[in-house]
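Here is the structure we will look at.
The values are calculated or read from the model by the stated rules, or taken from the named source; none is laboratory data. Please read these numbers as outputs of a predicted model, since none were measured by experiment. Because the Cβ atoms are built from the backbone with ideal geometry, glycine has one as well, and the counts that use them run over all protein chains shown. Note: accessible area is taken over every heavy atom of the protein model, side chains too, but ligands, DNA and RNA are not part of it. Shrake-Rupley method; radii C 1.70, N 1.55, O 1.52, S 1.80 Å.
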Amino acid sequence: MSKKDKNKLFNWGDDRSLFPENNPDGSIDIDLSSHKFVKVWHGPQHPGITGNMSLELTILGDEVMEGRTHVGYLHRGFEKLMERRKYIQCFPIVCRVAVPEPDFNEYCFASAMEELTGIDVPETAQWLRNLVLEMSRLQSFQMWIGGMAGALGSGIVGQWANYCRDSVLDRFEELTGGRIYHMYIIPGGVRGLLPDGFKQRMEQDLKMIESFMKDIETVMFNNAVFKKRTVGMGYIDPLWVDQFGITGPNARAAGVLRDVRIEYPYLKYEELNIEPVMGKDSDIYTRADVRRRELLQTIDLIRQILAKMPNDGDIRAKTPNVLHWKVPEGETYKRAECTRGEYGYYMVSDGSEYPRRINVRGPSYTHAVALLEKMIVNTNISDVAGLMVSLHTYPPEIER
Amino acid sequence: MSLGDTLKPFSAWKHLFKEPLSVKKPLTERPGADRYRGFHKNEIDKCIGCGTCEDICQNAAIDLVPVEGIDTKEGDSGLRPQIDYGRCCWCALCVDVCTTNSLTLSNEYTWIEEDADKFRFIPGADNKSWDHNEKGWKKPENNYEFYALERVEMQERHAEERVQSFIEIIKGYSKEKAQEEADRCVACGICTATCPAHMGIPEYIKAIREDDMEEGLRVLYETNPLPEICGRICTHKCETVCAVGHKGDPLSIRWLKRYIADQVSLDKYKEILGSDGIENNGKKIAIIGSGPAGLSAAHYLSLMGYSCTIFEKLPEPGGMMRYGIPEYRLPYDQIDKDIKYIESLGVKIQCNTDIGKDITLAQLEKDYDAVFAGTGLHLGRSTRIPGTEHENVYMAADLLREITMGKEIHVAEKIVVIGGGNVAMDITRSLARKQKEIYGKVQVITTSLESEDIMPADREEIVESREEGAIINPGWGPQSIEIQDGKVKGLHVTKCLSVFDESGRFSPKFDEAQKDFFEGDMVVESIGQGADMSYISEEYKDKLEYNERGRVVVNKEFQSSIPWLFLGGDIIQGPDVIHGIANGHKAAIGIDNFLRDK
């Protein structure tokens, strides 16, 4: 086969004549017996995603014709499990719903209980909750940077980002007693004041992270390879935002403001100076850049919180005895802005000691299943990992 | 895209010459944070084995197991938490909920073992290298509590109001207050184990939380047929051992019991308790004494189908509960409510009948299948110091009985009471009320051998007596009663240094240098009561066995060496109401076992 013929076979360029024609609804008829298509399993273990999730890709050449998300590798049945646990016993469970960013589960669960029971959380505890949520965002963004860089072959940025993340986890460890599962935001309040010297150590870490972020900006964002593989790739149409329920940086990079902290402020966000971080090109690069800027915003917010919060005070409100806390009959939906968008807990109580129903709304469900399946069509297979990471999904929260 | 985009990434090389950020041996060189949730520790002597850690653990990682060298005793289940690290998620809720703060976590987190079973261990009992590690997770401070530590305050009449009359002092909980108090319970059951009657305390407290008074009443009557009475004057050993009491106030178990009984009217009792239409088995039981033991025995025996007749020497049933305890603590209508229900089961109560005089024990043996005697301690004991033979020196038990009977008693303007128990407080406060009525002021001095910290009276009795104007001056040994011109003038006392010797035996020591004189025109002795067993005639006395203290010996079912004669209550155990109730219940089962096959 001559070189020219080889090119003809593998590089179709703009010639789409070999592709099957689209049906009126946009789908295509895939006839596997035609031997034109190949099924490829992308995952469930793949560095392009945090946790286990699989994509069943049907490719033609190196182009994805169809992608189906397969989940279930992490299913632990938490929502159902919680129906058989007393409320306080759900507290150690909820953090496990989204492993890399557990605090939003704790916050949403606790605040839903508090709202239904009619409990006001002490001022100090509210500030501490706010601090922990922003710290959680900080370490989660770092983890994402590592994943994004790693998916596009930049291992060194992943190392830096993970070092930065570990330093935040050190602060988590001294504040909450745990590095990954913090179990800190307990119904009624929080589980401890800031340890001595925490603010200083946090400030040192923030400075270190800022310094690394400058390096990361240089090495990752001003990088020909990174730009070539992200600019103009993975476009999210602003119209899809409401059609799919896209939230967080994925929506903001498309120029649509979706930020619970700004639109529906909770905890102490009204007292903080916070501007939405927006983008407009809505491609992978813009989403990455929005996240980078949001990480810097989070650093600023942590500084604001540490400066404004009281150093002492009650950390937990008076609640019913946790061993038989009956949440009054009713239902509520509580949400918070995590790094991936709107995180929410829908809680239904029948007035007993056990939750009747808890539904976790994790943004990954929308982004990794419905949206990814749409976006993945007609991408090059080598770009699939980058596309997945650019949506910043955590499979554990898909499978509650 | 510019040339810069190609060159700038190479700036990463600048890190090549910096110190590496990673550490070589993370497992050995990095201690956990001060607050780290590492491996469990337990102060095994502080732990009471209440099991709240087991209850809260959502992974069922904790089991309460017996531990060698730790015995079950009052207030301690004798069990200790065993933790399975195959299940534990280190949430530390067990630490936060621990009623004694004995359970904590160290900040150690590495433990290498080949045998997986070793990861199931009993902290504190199985020695571990981290047992003395001071760091790690402890229950947070700053008002961080999983249940309220403070007791819901009981509404009481003010001292000035209550000293005017014998009206009941305690007002009782409202529904909201009772539920709030019931919410504090951790349902460990340490109370049930300690209660002589083993009442289902966590169960009836749960009924209060769920506002199910019918269920509450059913739980009460399973083990205690005198809830109105016990709900007011029980010595509440349950509260002494209450697990919540280790960090805060123990639950008001007694007031909660009273709350349930107060909520249900007597006419609904039979329907709720399902005690209608019990078939009579044709066997007859005689019960001597209508105190708590006799009433309890009668109640449970009638539920088993026996015909019971109670013989009471005094004009009204109730024994010491009516004739020993003042009305301001236990109103008569509440005694009547409990007794009326027992009567409604078919129990006959024959008052003004003195066994031994009106009817002999031999006659009872002839007419009945079995006899239960719960005759109580009605004879006052004397200090026998010089002067006690004077007519104005009284026994507390006699005075209390006469007050209940409505008799006119002698009340002097200044009174000295000798005794430090609850009966001494009862007579102090009763006489205070009488003085207030007659003289318009209270002048009672109560003195006891025991110093205040070891006075046997309930703390609240001492406090309330003082509030009502009585002077409680403990720690003095009575020496003699001063009598001048045939009149009582007061009591000479000597400072008492200690009451018991090193082995715990009664052996008071005095400081002769410290003496005092308590002025009074009347002295009341309240140093304990004795039993009047004269109804047991000589022919039976010899057949009974006695212990070294002179008490009749009975077996576990309260059966004496005369098979048809069962004895219980204060004459056997106590003295208090709840032991009487428990004895009566057990004796009823004993009588049933004795008669079932006859």
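Tell me, yes or no, whether the stretch A:229-245 has at least one residue that is surrounded by fewer than 16 Cβ atoms within 10 Å (Cβ to Cβ) and within 14 Å of chain B (Cβ to nearest Cβ). Yes, the stretch A:229-245 has at least one match.
Quick check on B:His246: is it outside the structural domain of B:Glu343 (by TED's automatic domain parsing) and at positive phi? Criteria not met by B:His246. When restricted to residues that are surrounded by fewer than 24 Cβ atoms within 10 Å (Cβ to Cβ) and either out of contact with any Asp or Glu (no Cβ under 6 Å at 6 or more places or on another chain) or assigned to a loop (DSSP other than H, G, I, E, B) (or both), the stretch A:161-171 contains 6.
Okay, residues lined up against (1) over 22 Å from B:Phe166 (Cβ atoms); (2) without any contact (Cβ under 8 Å) to a residue 60 or more places away in the chain; (3) more than 30 Å from the chain's Cα centre (by Cα); (4) not assigned by TED's automatic domain parsing to the domain that holds B:Tyr540:
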| site | (1), (2), (3), (4) |
| --- | --- |
| B:Ile287 | yes, no, no, no |
| B:Ser302 | yes, yes, no, no |
| B:Ser344 | yes, no, no, no |
| B:Gln350 | yes, yes, yes, no |
| B:Tyr368 | yes, no, yes, no |
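Summed over the stretch B:352-372, the residues that are within 11 Å of B:Ala286 (Cα to Cα) and surrounded by fewer than 16 Cβ atoms within 10 Å (Cβ to Cβ) give a count of 3. Just to be sure, is B:Ser102 of a type in the set (Ser, Thr, Tyr), within 27 Å of A:Glu173 (Cβ to Cβ) and modelled with pLDDT of 95 or more? For B:Ser102, the condition - of a type in the set (Ser, Thr, Tyr), within 27 Å of A:Glu173 (Cβ to Cβ) and modelled with pLDDT of 95 or more - is met. Test A:Val64 against the stated conditions and say whether it is at pLDDT below 95, within 14 Å of chain B (Cβ to nearest Cβ) and either within 14 Å of the chain's Cα centre (by Cα) or closer than 30 Å to A:Asn378 by Cα (or both). Here the answer is no, as A:Val64 does not meet what is asked. If you go through the stretch B:503-540 and keep only what is closer than 17 Å to B:Leu449 by Cα and within 28 Å of the chain's Cα centre (by Cα), you end up with B:Gly504, B:Arg505, B:Phe506, B:Ser507, B:Pro508, B:Val524, B:Glu525, B:Ser526, B:Ile527, B:Gly528, B:Gln529. Quick one: would you say B:Lys128 is part of a loop (DSSP other than H, G, I, E, B) and touching a strand residue (DSSP E or B) at 6+ places or on another chain (Cβ under 6 Å)? Spelling it out, it is not the case that B:Lys128 is part of a loop (DSSP other than H, G, I, E, B) and touching a strand residue (DSSP E or B) at 6+ places or on another chain (Cβ under 6 Å). Pairs are defined by a Cβ separation below 8 Å, a sequence spacing of at least 6 or placement on different chains, a first member in the stretch B:171-190 that is at positive phi and in the same structural domain as B:Gly245 (by TED's automatic domain parsing), and a second member that is among the acidic types (Asp, Glu) and open to solvent by 50 Å² or more (accessible area, probe 1.4 Å); the pairs so defined are B:Gly172/B:Asp262; B:Ala187/B:Asp55.
Matching residues to (1) of a type in the set (S, T, N, Q); (2) free of Cβ contacts under 8 Å to residues at least 24 places away in the same chain:
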residue: B:Gln155; (1), (2): yes, yes
residue: B:His158; (1), (2): no, yes
residue: B:Ser165; (1), (2): yes, no
residue: B:Ala193; (1), (2): no, no
residue: B:Ala197; (1), (2): no, no
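Across the stretch B:325-346, the number of residues qualifying as open to solvent by 10 Å² or more (accessible area, probe 1.4 Å) and in a loop (DSSP other than H, G, I, E, B) comes to 6. Restricting the stretch A:191-207 to residues that are part of a helix (DSSP H, G or I) and open to solvent by less than 40 Å² (accessible area, probe 1.4 Å) leaves a set whose member that is nearest to the other protein chains (Cβ to nearest Cβ) is A:Phe198.
The condition of being under 24 Å from B:Gly75 (Cβ atoms), among the acidic types (Asp, Glu) and within 14 Å of another protein chain (Cβ to nearest Cβ) holds for only one of B:Glu141, B:Glu176, B:Glu150, that being B:Glu150. Of the strands (runs of 3 or more DSSP E) lying entirely inside the stretch B:478-561, the ones with 2 or more residues being surrounded by fewer than 19 Cβ atoms within 10 Å (Cβ to Cβ) and modelled with pLDDT under 95 are found at B:487-500, B:506-519.
Scanning the stretch B:200-218 for residues that are away from chain A (no Cβ under 14 Å) and without any contact (Cβ under 8 Å) to a residue 40 or more places away in the chain yields a total of 2. Answer yes or no as to whether B:Thr375 is touching a residue at least 24 places away in the same chain (Cβ under 8 Å), buried (at least 24 other Cβ atoms within 10 Å of the Cβ) and within 12 Å of B:Val524 (Cα to Cα). Answer is no for this residue. Out of B:Asp96, B:Asp76, B:Asp5, one residue alone is surrounded by fewer than 19 Cβ atoms within 10 Å (Cβ to Cβ) and outside the structural domain of B:Thr192 (by TED's automatic domain parsing). It is B:Asp5.
When you look at A:Glu174, is it surrounded by fewer than 24 Cβ atoms within 10 Å (Cβ to Cβ), among the charged types (D, E, K, R) and at the interface with chain B (Cβ under 9 Å from one of its Cβ atoms), yes or no? Here the answer is yes, as A:Glu174 does meet what is asked. If you check B:Ile48, B:Ile83, B:Ile62, B:Ile56 for being more than 24 Å from B:Lys135 (Cβ to Cβ), at pLDDT 95 or above and open to solvent by less than 20 Å² (accessible area, probe 1.4 Å), only one passes: B:Ile48. Helices (runs of 4 or more DSSP H) fully within the stretch A:280-395 that include at least 1 residues being modelled with pLDDT of 95 or more and surrounded by fewer than 23 Cβ atoms within 10 Å (Cβ to Cβ): A:284-308. Remark: B:Phe518 falls outside the filter, which requires a residue to be outside the structural domain of B:Pro563 (by TED's automatic domain parsing), more than 22 Å from B:Ala396 (Cβ to Cβ) and touching a residue at least 24 places away in the same chain (Cβ under 8 Å).
If you go through the stretch A:84-120 and keep only what is open to solvent by 10 Å² or more (accessible area, probe 1.4 Å) and within 12 Å of chain B (Cβ to nearest Cβ), you end up with A:Arg84, A:Arg85, A:Lys86, A:Gln89, A:Arg96. Restricting the search to strands (runs of 3 or more DSSP E) fully inside the stretch B:1-109 and requiring at least 3 residues that are within 28 Å of A:Pro102 (Cβ to Cβ) and away from chain A (no Cβ under 11 Å) gives B:40-42, B:79-84.
Only helices (runs of 4 or more DSSP H) wholly contained in the stretch B:391-470 count here; list those with 2 or more residues that are in contact with a Ser or Thr (Cβ under 6 Å, 6 or more places away or on another chain) and open to solvent by less than 60 Å² (accessible area, probe 1.4 Å). Because the criterion is at least 2 residues that are in contact with a Ser or Thr (Cβ under 6 Å, 6 or more places away or on another chain) and open to solvent by less than 60 Å² (accessible area, probe 1.4 Å), the helices (runs of 4 or more DSSP H) in the stretch B:391-470 that meet it are B:396-405, B:422-439.
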